[in-house]
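Notes to accompany the following structure.
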Amino acid sequence: MTHTLKHYLQFTDLSVDEYAYVFTRAALIKKKFKAYEKHHTLADRTLAMIFEKASTRTRVSFEAGMYQLGGSVVHLTTGDSQLGRSEPIEDSAKVISRMVDLVMIRTYGQDKINSFAANSRVPVINGLTNEFHPCQIMADLLTFIEHRGDVTTPLDCLKGKVVAWVGDGNNMANTWLQAADLLGFTVHVSTPSGYEVDPAIAGLMTHSECFKVFADPMQACHGADLVTTDVWTSMGYEAENEARQRAFADWCVDADMMAVAKPNALFMHCLPAHRGEEVSADVIDGDQSVVWDEAENRMHVQKALMEYLLLGRQ
Ligand code: CP
């Protein structure tokens, strides 16, 4: 069966219906994994994973996930491939995509992954760029659905909910905005001055109703169904670390912030976390935190995504 070439470069690359399918499918794949049932839908398929930045979760979740689907992986980094010796990204895409069935890239600018995809014969997945981290938000949403909804009607529990984003206006914040706009919830964003989210990156207007900006992170958390944050200094911005430590000092998700959220509010963090910086230890290690489910769900939701991009609906 032929299947139209489809990339996953940002959250908006799947429709509402496609997300409903992928979340339900991810839940089934997870159930089979937990029961040690084989699920070899991508037997003999190969995934190339290209990393231009460090990773633990993305590497392990894609690699283990592809093996569990019956396929295999090739792991490339800038340091051990011609990508680090100025081979044009377009040439790399043409070559790599003749040899594998699927490509996952973690890189810097979105323009780079866009160029790769434009020259690729096979689906390309964003494993994090400076602008977006769509696989992480898919895992976060699956985690919310598991805890607060029903995987058979996965999108219902998201409607009208409030997600508080506390911290940097970074790739995670941009992707939360895209998800909120598509799936019908609201993001309360609070960042220090100078680190605001830019809705234009997410393809949204400044006055979009899917997000509200708060100067005070406590106000952003007020009544939230989910409170979430990320490190103060994302990969690629290390030179700004000292300035960021000063600017973000009041943007630590602590028990006071969780106390003004809904009583059953969840806490998420894409990890790795710095306890005592963007989140206090009692919050990330506390009862409302679902960060370990969130990390595990990267693998299950990405297995559903890879299967969908290669095979369509099963
Ligand atoms: N959340 C996340 O992408 O983790 P890694 O950087 O370890 O892949």
### Query
Between Tyr8 and residues 5 or more places away or on another chain, which pairs have amide H atoms under 5 Å apart, with H built 1.01 Å from N, and which residues are they?
Val124, Ile125, Asn126
#### Entry: Ascending count of other beta-carbon atoms within 10 Å, so fewest first, for Arg85, Arg244
Arg85, Arg244
### Message
Going by amide H atoms built from the backbone, whose H comes under 5 Å of the H on Arg121, apart from near neighbours?
### Response
Ser97
#### Entry: Quotient of C-alpha Rg and 2.2 N^0.38 Å, computed over the chain
0.97
### Query
Could you give me the ³J(HN,Hα) list for the stretch 149-154, computed from phi with Karplus coefficients 6.51, -1.76, 1.60 and θ = phi - 60°, whole Hz, x at Gly and Pro?
x, 9, 5, 7, 10, x
### Task
Counting only C-alpha contacts under 8 Å and six or more residues apart, can you give the relative contact order of the stretch 157-314 as a whole percent?
21
### Task
Please compute the net charge surrounding Leu204, taking Lys and Arg as +1 and Asp and Glu as -1 over other residues with Cβ under 15 Å from its Cβ.
-4
### Positive-end extreme of charge dipole, the chain - chosen from Met99, Ala304, Ser15 (charges on Cβ)
Met99
### Query
For the chain, what relative contact order do you get, as a whole percent, if you take Cα pairs closer than 8 Å and at least 6 residues apart?
20
## Note on the structure
Computed ³J(HN,Hα) along the stretch 187-203: with the Karplus parameters 6.51/-1.76/1.60, θ = phi - 60°, integer Hz and x for glycine or proline, the list is 10, 8, 9, 10, 10, x, 4, x, 10, 5, 6, 10, x, 5, 4, 7, x
## Note on the structure
Counting sequence-distant residues (5 or more places) and residues on other chains, those with an amide H built under 5 Å from that of His75 are Met49
### Query
Residue by residue, what Karplus-based ³J(HN,Hα) values in Hz, rounded to whole numbers, does the stretch 266-279 have, using 6.51, -1.76 and 1.60 with θ = phi - 60° and x for Gly and Pro?
9, 10, 10, 8, 5, 6, x, 10, 10, 4, x, 9, 6, 8
#### Entry: At 0.890 mPa s and 25 °C, Stokes D of the stretch 47-86 from Kirkwood alpha-carbon radius, µm² per second
229
### Within straight-line cross-link reach of Lys53, lysines at Cα separation under 21 Å, skipping those fewer than 8 residues along the same chain
Lys112
### Summary
In vacuo Debye sum over C-alpha of the stretch 175-314, base-10 log of normalised intensity I(q)/I(0) at q = 0.22 Å⁻¹, listed in q order, is -1.48
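Sequence gap at least 6, Cα distance under 8 Å: using those rules, report the relative contact order of the stretch 74-162 to the nearest whole percent.
Values: 88 pairs, mean separation 17.6, N = 89.
Rounded, it is 20 percent for the stretch 74-162.
The numbers here are math on the coordinates, done by the rules we state, and not lab data. Note that this is a predicted model, so its numbers are computed, not measured. All Cβ positions, glycine included, derive from the backbone under ideal geometry; neighbour counts span all protein chains shown.
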